[in-house]
Each structure stands twice: as structure tokens, then as C-alpha cells.
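Remarks on the structure that follows.
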Amino acid sequence: MRAIQDPTAETPLQATVNGASVEATVESRMLLADFLREDLGLTGTHLGCEHGVCGACTVLVDGAPVRSCIMFASQIDGRDVVTVEGLSEGEGLTDLQQAFKDNHGLQCGFCTPGFLMTISGVEPSDYPDDDSIREMLSGNICRCTGYGGIVDAVKQVWGRAQ
Amino acid sequence: MMRPSLIGAVVPRVEDDRLLDGQGSYIADLKRPDMLEAVVVRSQVAHGILGEIEVDEARRVEGVVDVFTAKDLVDVSPFPDFHAAEFVKPVKIFPLAKDRVRFVGTPIAVVVAGNRYQGEDGADAVFADIDALSAVTSVEEALAPEAELLYPDWPDNRLTGFAPSSAEVDAAFEKHRVISGRYGFQRHGGVPMETRGVAAEFTDGRLTVWSSTQFAHIARDMLSYTLGLPLSAIRVIVPDIGGGFGMKAQFYPEETLIPWLAMKLGRPVRWIEDRRENLVSAVHARDAYADIEAAVHADGRIEALRGTVYQDAGSGEAVPAGFSPAFVTAAALGGPYKIPFAAVGVTSVVTNKTPSGAYRGFGTPEAAFVMERLIDKVAAELGVDRLDVRRRNLLEQADLPYTNSVGSYIDSGSHTLAFERMVELATAKVAERRQQFADDSNIRVGTAPTNYVEGGTPSYFPTTGQWASNDSASLRMNPDGTIVISVAVQAMGQGLASMLSTLAAESLGVAVEDCLVVMGDTDTTPYGLGSWGSRGTNVSSGALEKAVAVIRDKGSLIAGHLLEASPEDLEVVPGGFQVVGSPDSFVSWKDVATTANIHVMNLPDGVEPGLEAIGFYDPPGIDHVPDAEGKMNACAAYTNASQAAVVKVDVKTGHVQLLDYLIVHDCGTVINPLIVEGQISGGIAQGIGGALFEEFHYDEFGNPQSTSFLDYHLPSATEVPAIHIELIETPSPTLPWGAKGVGEAGIVGPAPAIAAAVEDALAEFGIAQITSTPISPPVVLGLLQDAAKRS
């Protein structure tokens, strides 16, 4: 990959975001989270720390959870991005979202999109028990719930005994 | 016909769908036409005299619109100093520092630019000449005779304090054995996932301010004081809040600065705090210790307490003032125990750290830690079982209502019941866990039940010197029978809209989904003080109950007229009214509301059009100032809980892991168990963070060392165990619905519970008492090594 000399240099990108094709020109320094939020108006992706720790900004890039606050917008060129807005496709809550509601897996809702995207991007069989579910969730910080409702939501949507 | 009650039922939250779908609207999501971004330049020096600030180069940075310093803010007044009482030193807070900086993070300039990237480029080009002074970084340094003064016109660095004396207390200490300790709680804070943020625009002579604040009306009051506008010219709007925890129940310099910029520039301006700023400039909390002694009987009964709470209040530049939690600590020490006499004072000092302010629990977690640790020491020194010491001091049903030694009026509770249940739960659980880890020679497992009382719905007067305890709610029924409830309490995740909708539905027989709750807008909500101090449910439901009663009475007059029945013969049923026991006589709220609002010709004689009421509420029994003896009842309700952490300690690494957290909790009537348990769990998680690792570190020069989430650790799903909650309901005899408030309760208990559990786990090693938090691996290893050296 070529080195970027000028952080404000305009960089073209072409990507798929929530199923729609997106073409844009961004400053090379623009972060993916800012591009999604400011340029595309997808404000469901939240910024909690802007240094890759809290997980609130998690989106799926080519199906894998990534932190959009430490990825450049230009890096999604040619890739497929899904944000929280892309989960339900406007048809009511998904099973995962409903499970969060049923189990009080959210309070203020700020970290919630990041949790939803992380969970959406993992393979349930990799997390066979409660401890491993907690490990899977440990890259996302929730300051409100104490996590019990989130763990229960995951178990509900994965068909595990509550 | 009995309607099924919604009180105590799991009612799904009305807030959730949009939040789950990415449709929440937080301050950072706000966009206004032509909006500019502000970036605040902050002092990188902890203590110094502020000289020239060089801004010309910043002004030339691409995209930068302008740069301002304190010199430009000629038409801004400093924050009013409501506490200007003799016992609190004056602190003049200005949105940008004028001549002195007192902590790293002090706002000294502001850059306004087209976007945040450009604003940060500009901020990098601002240079401030700061003549550094030596930094004061602890209570001991602040009180040293040669200490550098933060406020040169003060005689010393004491912000406030008091030292009560009592002949009865002194007599008790003469007569009884004295057991003492020093117990401390480190500096940490609310740290919500959403940072602070403010946006403003000024159009047609009116200022609109969006702020992530827990008290819209108080913010508007403060804007009026600082910007000189009448309240009618200011509208404060609170978008969705991504967590507050007290950190947003403060009025900050940026909340005046950003509106001033919008007025100055004639364009909307927004400022979104980044995480580093949040960790150095939004209020911190705790950072207090107590020197405490107990006069004890041989059987463990405590006759009197005496001592001082020392608090590091940071720079003191906070509104409400940061000393107040230390007063709460001193007053809350007695907790659920009947201790006849107490004389505990406070010394609150200023240091060159981020100002201290509110954090969930507000002094009570510190009090619980001090008291429970002291009781454990009493047990150890007297050789009495720690459970028996508690039993001999705990409030029993026959003791209630009980006015304790500082004036707190505990009208009801289940202190002994909760404790005995907890002993049962913890005993069983720890046995199971010990079995599980029996084969691991490095692991020890322990638990130890502890107690607390959390005062809620307090007077704000001791904290603010201005506001008291009142709130209000309005209720309007639309012509179709749907409802708009408007309140000044503020949601920040605690489900207030669900709670208020549930209560309106319960009272009027309407559907929960037919209630719309409006909050966070000073133009559309009646005056009130917002959400803090576990007050939201109590004050808003008290006000709502009054409004509901008016609507129900007026509705029954109209319904009776429509049914040609006497209003006294009607009952509320789902969707409307009927003649008691006669479903055929039903008239819907929709018909009643249409009559009241549209077909007014069908109203009974003497009934005015409209179906709208406002309720004003001031919770009963609260004192706003101490009496002649210095006693006061500062809270309208006192919840109680007993809890235990089951911990696993690795004796090789000192690592403490929680296996289970058990709590038996009584917050009076439970309106929605889902929400109540959520509040308790979330508080416990924060309490675990504070007990084990959350800490704002500073070096000796006052440089903050915890400026990212790599250095400031928040609990994740692997540090918080499964939490087992049992609810006891002892309704408040005075508050509407019997609820006592639950927002802060969970956070009070973890530190003393974990400390005692670790000691239980390590009992065989004879470690010294754990006297401070965080209980980190080095602390635990140190205790083990010291014990090994001694033996």
C-alpha cells in the first residue's frame, strides 16, 4: 500500500454500505466512523473513546467486526460495510435486537450498536458457554447494564438455555 | 372488575426499539445548517500563572474560523457562587481561565473551525505561556504548612469543613474501648460511554442550547446567570444521553462557552468532548479517606463514632461544588446500624487535579466502605464473629422508624431480614465455589456479607446553595385519548419514560403505548431539577400522581355525564370508565377526551373544556439546612441492602476475580422489576470497577496518568460476574407508590463486600486489614508478603 504523504489529500473510495453502493472522495485522514456518521448520516455508529478500546463504534467490514474509530474511511474501498442501521432492514427488530429488549440488555443505548455488531459478526459455535460468551463481549464496554442482560440476550438468540 | 396491576409487572421498555435500531439521537448526532465545530484548548500544566496565549498561528490554519481566549469573553459573568457562606471559600469559575490554571485540562482557549479535524489542527497551533507553580496533589500536601496555595487570597487550601464536638460522644469514648482505622477510596468517576457535548445556536434573539446534561432547567438557570439573558430567551434541549452517572449533573464551563460562541459568531456551534478531555476535565469523584474511631461495648455494639472525612476536591472549580459528597460520607456512616452518638467532621481541600463532583452514590459508597471496614476491625479486635457484630448493631423492625445520630429519619426497611437472607445465600454459594476450586492450590475462595443504607431523593440545597427538592409533571390528554406527559426529570438510560407511562396507564386504564413522555426541553416541560440522587421516580411520580388525579376526576365527571350516571358510581377500566360492575355501560377515554377537547357542547354544566393538568411536588420530610444541633434529614427515603461478593483470589498473582455477586435489596415498591434489577446490576458493575481497578492516577507534578481507556480500566463482561438479585419490598410510607428510588443503590456495596470477601478467602494467611481501594493484585500480593514476613 502506498504511503500517504498528505493527510488532507483527497482519496476516492467505492464501497457497499448496508447493501447500497457508495462512491465518495474523502480526506485520507478521515476515519471510517466519521465518514459513516458525518458523510453518510449513519449516526447509529457511536464514538465512545476514539482509540479502539470501548467497541461502541464496531461495524462489520466484509462480515468481520472492526472498530471504525481506528480505521480510515479509505480502507473500505472495495469492501462491504454493515452498520447497525443495516441490521433490521426496516422490518421491525431482528431476533438479536428483540433479545436485547426482552432481557434488558440496554439502558442508555449508546454502546448497544457496537454490541449488536460484534455479536452479529461472530460464530456462535466458537463461544460454547457463558464464560466464552463473556470473553466474546469483553471488547465492548457497557457502563449501564452490568452485562447480565446482554449475556442473556446472546443466549436467547443463540438458543441456549437461560 | 379488578384490572391486572402493572405495578411489579415486567413492562417492556418504551425506549428500546429506536435505540436498538440505531435511531437514538445523541448530542454528537445533531446537525444544524452551517454548523461550526469547536475544539477546546486545555492547560497541559497542573498549576501555573497563565500569561500570553498565542493564537495568531492557529487563526491561519486552514478551516479555522476564529480563536478565543478569556480576554474575548468580556460580556460573560463568572458562575454564581451560591455557597458564598462563611464555611465555604469562594471559587470564581470562568469559562476560560483568566489568570491561573489549577489542573491539567483547564480550558484556556477555544478554536472554532469548519470541522473537527481542522479545529484540532488549530488547537495544535495555540501556544500558552504558563509560569508553572508547584503542584499540590494530595490532602497531605494541601494541608502542609508551606503548601502552595491554589487560591492566593485564601489562608490555606481548605475549601470547607467542619469539626463537630459532642460531650456525649466524648463521654462514650472515655467509657468504652476504642477501635480505630483509616479507610480510603481512590479517585475515579462516572465515565459514561458518551462523553459530554454542547451545541448552540442564536436566532431571532433566542438562544437554543443542546447539552448532554442531567438537569436542563438548572442548565438554563446557569446560562441566564452567566450570559445575562432572561430565561424566556433560552431554550435548553437535552438529546438522548449516553449515560450520566452524576458526571453530567454538573454545569461545566463549555456549557456557557459554546452558547457564547454561537451568539458571537451568529452560527450554530457544536463541541463534542473527546475521551481524553473527558478523563481530565469532566468531574472526578471519591478520593477521600476517613480517620474514624468507634467506642465499642465488649459484645461489639457501637456506642459512638468520632473522626474526620478528608477529601481531595481537586481544583474546586465545579458547580455544584465538589465538597458535598464528603459531607454525605460523614452523615451516611451510620448506615443501617443503631449507633447512638456520632461526631464526624469533614476537611475538604483543593488540589491541582480535575475538580471533584458527582458520581452515582455521591459519598455513600465511601461511607459504606469506611463503616463496614471498621465493623470488621471491631469484630477482629474483640474476637466476636463479624456477623454477630452486625446483628448486634443492625436496625430491627421494632426500632423503626429510627432517627439516627445525625438526624437521618429511616422510616422503614428490612435491614435484619435482608441480612439474614444474605447470610444464608452467601454461606451456600461460597461452599459450592470452594468445592469447585478445591483442587487448585493457588486459589482461595471467600465471601462475607455486608450491609448498607442509601439515602435518596435528597435536598439539593446543601450541595448547591440554591436549588432544593421540588419537581413537576404535566399531563395532557389528546382528543383521541392518547396522553402526553411532560416532566423535568431526565432520562439517561434508566427508563423514566417507561416508568411514567406505566404509572399513567395504571392510574387511568390507558395503554402504556398510548403515553408519550416528553423531557429534556425547557420550552415544553415544567420546571424541575432533573435526575440525580435516586430522585427521578420519586419526584416525577409524585408530581404525576397529582396531575393524574385531576384528569381522572374530571374524566369521571365527563364520563358520568355521557353515561347519565353519577361519577361516584364509575370505575376506571381498561380504556375508559364503566358503572361499577357493569361492562355494558362503558365509555372510552377517547370519547371523554373528544368531548373535553372538541365536542365541548356535550360537557356537563360547570365543567370547563380541556383535559390537562400539572402537578407540583416537593417530597415530604426533607430538611434543607441543619438544625441548631447540626442535625438534618437530608433524604426522603432510605433504601437498604445486604450483599456479598464471592471472590476467588490467586495467591501467586494477587488477582481477585468475582465468581458471584449476591444482593438482597429493598427499594420499596418495585414498579418494574426489569428496570429495578437493571439499575442495581449496573451500579454493582461500576462498584466492582471502583473496588478493583478504576483509578485516575496522577504523578507528583499533577500530570494525569489515566488519559485513555488503556490506563483507565472499565469493567467488561469478564470482570463482572453473574449477579443474583433478590428484592424485598418495604414500601415507603410517605412517597407516592411506595417506591424509594434505586438509581444509586447498587454502587454502594461492592468495595466493602469485596474487601471483606478477599480477607475471608485469605484468612489462613493472617493478612492485615484491607484499608483502601482499589484492591489491585499488587495490594493483595503485598498483604500476603507482609503476612509471610511476620509469621
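The values are calculated or read from the model by the stated rules, or taken from the named source; none is laboratory data. Treat the numbers as computed from the prediction; the structure is a model and nothing was measured. Every residue, glycine among them, receives a Cβ derived from its backbone with ideal geometry; neighbour counts consider all protein chains shown.
What the table shows:
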| quantity | calculated |
| --- | --- |
| Single residue of region B:171-180 satisfying the filter (touching a residue at least 40 places away in the same chain (Cβ under 8 Å) and charged (D, E, K, R)) that is farthest from B:Ala294 (Cα to Cα) | B:Lys175 |
| Options B:Glu168, B:Glu141, B:Glu148, B:Glu194; residue that is under 30 Å from A:Asn140 (Cβ atoms) and either assigned to a helix (DSSP H, G or I) or acidic (Asp, Glu) (or both) | B:Glu194 |
| Residue that is more than 12 Å from chain B (Cβ to nearest Cβ), in a loop (DSSP other than H, G, I, E, B), modelled with pLDDT of 95 or more and farther than 14 Å from A:Ala56 by Cα, where the choices are A:Val81, A:Val122 | A:Val122 |
| Scan of region B:650-670 for residues that are surrounded by 24 or more Cβ atoms within 10 Å (Cβ to Cβ) and at positive phi, ordered by number | B:Gly668 |
| Looking only at region B:737-768, and only at residues there that are under 29 Å from the mean Cα position of the chain (by Cα) and not in a helix (DSSP H, G or I), the one that is farthest from B:Met247 (Cα to Cα) | B:Ala739 |
| Residues satisfying the stated conditions in region A:134-162, i.e. more than 8 Å from chain B (Cβ to nearest Cβ) and of a type in the set (Val, Ile, Thr) | A:Val154, A:Val157 |
| All strands (runs of 3 or more DSSP E) inside region B:1-76 with 2 or more residues being in contact with an Asp or Glu (Cβ under 8 Å, 6 or more places away or on another chain) | B:36-42, B:48-54 |
| Residue match in region B:620-643 (condition: within 14 Å of another protein chain (Cβ to nearest Cβ) and either farther than 26 Å from B:Leu503 by Cβ or at pLDDT 95 or above (or both)) | yes |
| Residue list for region B:1-58, filter: free of Cβ contacts under 8 Å to residues at least 40 places away in the same chain, more than 29 Å from the chain's Cα centre (by Cα) and within 14 Å of chain A (Cβ to nearest Cβ) | B:Lys31 |
| Residue count, region B:773-791 (criterion: closer than 22 Å to B:Pro365 by Cα and part of a helix (DSSP H, G or I)) | 3 |
| Selection from region B:222-248 of residues that are of a type in the set (Gly, Ala, Ser) and over 18 Å from B:Glu15 (Cα atoms) | B:Ser224, B:Gly228, B:Ser232, B:Ala233, B:Gly246 |
| Of the criteria (1) over 16 Å from B:Asp274 (Cα atoms); (2) facing chain B (nearest Cβ under 8 Å); (3) not polar (S, T, N, Q), which one A:Val61 fails | (2) |
| Residues (β-branched (Val, Ile, Thr), surrounded by 15 or more Cβ atoms within 10 Å (Cβ to Cβ) and not in a loop (DSSP other than H, G, I, E, B)) located in region A:1-51 | A:Thr11, A:Thr16, A:Val17, A:Val22, A:Val26 |
| Failed condition for B:Ala491, given (1) under 24 Å from the mean Cα position of the chain (by Cα); (2) within 19 Å of B:Ala219 (Cβ to Cβ); (3) surrounded by fewer than 24 Cβ atoms within 10 Å (Cβ to Cβ) | (3) |
| Output for region B:673-701, where each listed residue is in a loop (DSSP other than H, G, I, E, B) and either in contact with a strand residue (DSSP E or B) (Cβ under 8 Å, 6 or more places away or on another chain) or surrounded by 24 or more Cβ atoms within 10 Å (Cβ to Cβ) (or both) | B:Glu694, B:Glu695, B:Phe696, B:His697 |
| Hey, B:Met222 away from chain A (no Cβ under 14 Å) and modelled with pLDDT of 95 or more or not | yes |
| Hits in region B:181-216 (condition: over 27 Å from the mean Cα position of the chain (by Cα) and in contact (Cβ under 8 Å) with a residue 12 or more places away in the chain) | B:Gly181, B:Glu201, B:Phe202, B:Gly205, B:Arg206, B:Leu207 |
| Any hit, region A:122-144, residues being in contact with a Phe, Trp or Tyr (Cβ under 8 Å, 6 or more places away or on another chain) and in contact (Cβ under 8 Å) with a residue 40 or more places away in the chain | yes |
| Which numbered condition B:Arg476 fails, given (1) more than 27 Å from the chain's Cα centre (by Cα); (2) assigned to a helix (DSSP H, G or I); (3) under 28 Å from B:Ala233 (Cα atoms) | (2) |
| Any hit, region A:89-108, residues being within 7 Å of chain B (Cβ to nearest Cβ) and either farther than 28 Å from A:Gln162 by Cα or without any contact (Cβ under 8 Å) to a residue 12 or more places away in the chain (or both) | yes |
| Every residue from region B:570-584 that is touching a Leu at 6+ places or on another chain (Cβ under 8 Å) and surrounded by fewer than 17 Cβ atoms within 10 Å (Cβ to Cβ) | B:Val580 |
| Region B:344-393, residues that are basic (Lys, Arg) and surrounded by 23 or more Cβ atoms within 10 Å (Cβ to Cβ) | B:Lys353, B:Arg360, B:Arg373, B:Arg390 |
| Residues that are buried (at least 17 other Cβ atoms within 10 Å of the Cβ), touching a helix residue (DSSP H, G or I) at 6+ places or on another chain (Cβ under 8 Å) and of a type outside the set (Ser, Thr, Tyr), drawn from region A:76-95 | A:Ile76, A:Val81, A:Val82, A:Val84, A:Leu87, A:Leu93 |
| Evaluation of B:Val91 against (1) at pLDDT 95 or above; (2) within 28 Å of B:Thr707 (Cα to Cα) (one fails), failing number | (1) |
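Residue-by-condition table, conditions (1) assigned by TED's automatic domain parsing to the domain that holds B:Ala488; (2) under 21 Å from the mean Cα position of the chain (by Cα); (3) outside any strand (DSSP E or B):
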residue	(1), (2), (3)
B:Asp591	yes, no, yes
B:Met601	yes, no, yes
B:Ala613	yes, no, no
B:Ala637	no, yes, no
B:Ala641	no, yes, no
B:Val646	no, no, no
B:Thr653	no, no, yes
B:Gln657	no, no, no
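Residues are listed down the side, and each one gets a yes or a no for (1) within 14 Å of chain A (Cβ to nearest Cβ); (2) in a helix (DSSP H, G or I):
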site	(1), (2)
B:Ala200	no, no
B:Val209	no, no
B:Phe245	yes, no
B:Glu255	no, yes
B:Ala262	no, yes
